[in-house]
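These notes concern the structure reproduced below.
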Amino acid sequence: MSPERVVSGMRPTGALHLGHYHGALKNWVRLQSEHPCLFFVADWHALTTHYDSPEVIEQNIWEMVIDWLAAGIDPSQSILFIQSRVPEHAELHLLLSMSTPLGWLERVPTYKDQQEKLADRDLATYGFLGYPLLQAADILMYRAAWVPVGEDQVPHVELTREVARRFNHLFGREPGFEEKVKAAIGKLGGKRGKQYVELRTRYQEQGDEAALQQGRALIDEAGSLGLADRERLIGYLAGSRRMILSEPQALLTEASRMPGIDGHKMSKSYGNSIAMREDPASVTKKIRTMPTDPARVRRTDPGEPERCPVWQLHQVYSTEDTRQWVQTGCRSAGIGCLDCKQPVIDAVVAEQQQFLARAQPFVDDPALVRSIIADGCDKARRIAHETMRDVREVMGLAYR
Ligand code: TRP
Ligand code: SF4
């Protein structure tokens, strides 16, 4: 397992739907067996836009965690927690706010976009402007290497990188830094030390990202270094300061191809979604009444799968054989639309049976979910304590 940490969060928006599963969640499930992962409920982020309806957030949290567990997020592999239960996130957010230029936040595309989109809410607030900086704190707290997010969130990860860089530049200064780096290079040993210097030159002179990655790996593998030397070498590799907070990278989640039951993107706010846990009768009805190729008015009219949202469902759920059957049958009017929908209905219902079965113990025993989260919060807090100890120290706050 790679030691590079993965961090991601989700706002508690209520029961999750199949678009969430086939987008973010399936990706998280895959990542948890490859990396140490932290997944959290971004309840403070939800408050930035829904500060006037806190009761909704409270109900949604537990439903959402059960959906994560139903999807296969495994608490013995991943750390699951709630943002507000690790108040260090707020402290880091505050401390980062001291040195973050206002313009950086005003320029984040989601700031204006969301204000326009959610025009019924007053989002001219301090909290909403700070949304991406709070997100930066979430990520930097765990010194994450990777942040799985959708395309809309990439600018937030970019901002996080800039915030980390600026922080390290301002607070990673250290008396005698160059000498300490030289000594640390010495500890790497002759061959490794020489390689390190070469990789640094390649990165600094040619901006070669691969060299940066290799340099980091080389430091990771060097057993003879203490933590402070490691931070110096990582910082020196990319710049001329000690690295306190590490720059993460976005891991772009491929947009889910899951259409809603009206053919548009599945979204709770469009009222076109199928929940991850929904009863089979309701799923059957929703899919049976889905629109199909508008040109196929009568059963005898041939159709074109490319113009039909049901075809998109086949692409998510069906085998190659079934897809072949759809293509041929649709274009020759050999099959009817209800025939065509049946394998999709069966596949969705079968998938949901798994979710329902995995969720049942947690639905029956809410204390079980609470204890998983309590345990995750403890683990997250332990990492957060380490980061905050370093951050307070370099910011001159470690009074004794
Ligand atoms: N802003 C993210 C969203 O709306 C949620 C989020 C909050 C997040 N903090 C995060 C995602 C940290 C990744 C990492 O989807
Ligand atoms: Fe769509 Fe299938 Fe009907 Fe063709 S047969 S129009 S793919 S539902």
At q = 0.11, 0.20, 0.21, 0.26 Å⁻¹, work out log10 I(q)/I(0) for region 327-400 with the Debye formula, treating every Cα as an identical point scatterer and leaving solvent out; two decimals please. -0.63, -0.92, -0.95, -1.07
How far is helix 54-71 tilted off the main Cα axis of the chain, in degrees rounded to 10, range 0 to 90? 80
The answer for trypsin sites (Lys or Arg not before Pro) in region 261-336 that fall in a DSSP coil and have at most 12 neighbouring Cβ atoms within 10 Å is Arg298, Arg299
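Filter the trypsin sites (Lys or Arg not before Pro) in region 74-119 down to the DSSP loop ones having no more than 13 other Cβ atoms within 10 Å, then list what survives.
Arg107
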Computed about the Cα centre, the charge dipole of region 277-363 from +1 Lys/Arg and -1 Asp/Glu charges at the Cβ has a magnitude in debye, to the nearest 20, of 260
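At a threshold of 8 angstrom on Cα-Cα distance, excluding pairs fewer than six apart, so keeping six or more, what relative contact order does region 69-144 reach in percent?
Worked out over region 69-144, it gives 38 percent.
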Under 1.5 on a/c is rounded, so check that first for the chain, then, if it is not, pick prolate when a/b is larger than b/c and oblate when it is not; a ≥ b ≥ c are the square roots of the alpha carbon gyration tensor eigenvalues. prolate
Lysines near Lys268 by alpha-carbon distance under 23 Å, same-chain residues fewer than 8 away left out - which ones? Lys26, Lys112, Lys117, Lys285, Lys286, Lys341
Value of relative contact order over the chain, rounded to a whole percent, pairs C-alpha under 8 Å and six or more apart: 21
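Nearest 20 debye, what's the magnitude of the dipole of region 173-289 about its Cα centre given +1 on Lys and Arg Cβ and -1 on Asp and Glu Cβ?
Working: 21 positive and 16 negative charges, 40 e Å.
Charge dipole, region 173-289, about its Cα centre: 200 debye, nearest 20.
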What is the order of Ser33, Ser78, Ser267, fewest Cβ neighbours within 10 Å to most? Ser33, Ser267, Ser78
Region 15-106: relative contact order from alpha carbon pairs under 8 Å, six or more residues apart, as a whole percent, is 41
Cut-off 14 Å between beta-carbons: net charge of the residues surrounding Cys37, Lys and Arg +1, Asp and Glu -1: +1
Give the order of Leu140, Leu251 when sorted by the count of other beta carbons within 10 angstrom, beginning with the fewest. Leu251, Leu140
Taking the Cα atoms only, what angle lies between the long axis of helix 320-331 and the longest principal axis of the chain, rounded to 10 degrees? 50
Within region 165-199, which trypsin sites (Lys or Arg not before Pro) sit in a loop by DSSP and count at most 12 neighbouring Cβ atoms inside 10 Å? Arg173
Given H placed on each backbone N at 1.01 Å, which residues far from Gln249 in sequence or on other chains put an amide H within less than 5 Å of it? Trp146, Val147
Pairwise centroid distance, computed over Cα atoms, of region 254-326 with region 60-129, Å: 32
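Mind putting a number on the dipole of the chain about its Cα centre? Charges go on the C-beta only, +1 for Lys and Arg and -1 for Asp and Glu, and I need it in Debye to the nearest 20. Before the final figure, lay out the partial values.
Details: 49 positive and 53 negative charges, 173 e Å.
Result for the chain is approximately 840 debye, rounded to the nearest 20.
Throughout, read-outs are computed from the coordinates displayed, never taken from laboratory work. The structure presented is a predicted model; accordingly, all values stated were derived computationally and were not measured. In this analysis, Cβ positions are derived from the backbone assuming ideal geometry, glycine residues included, and neighbour counts consider all displayed protein chains.
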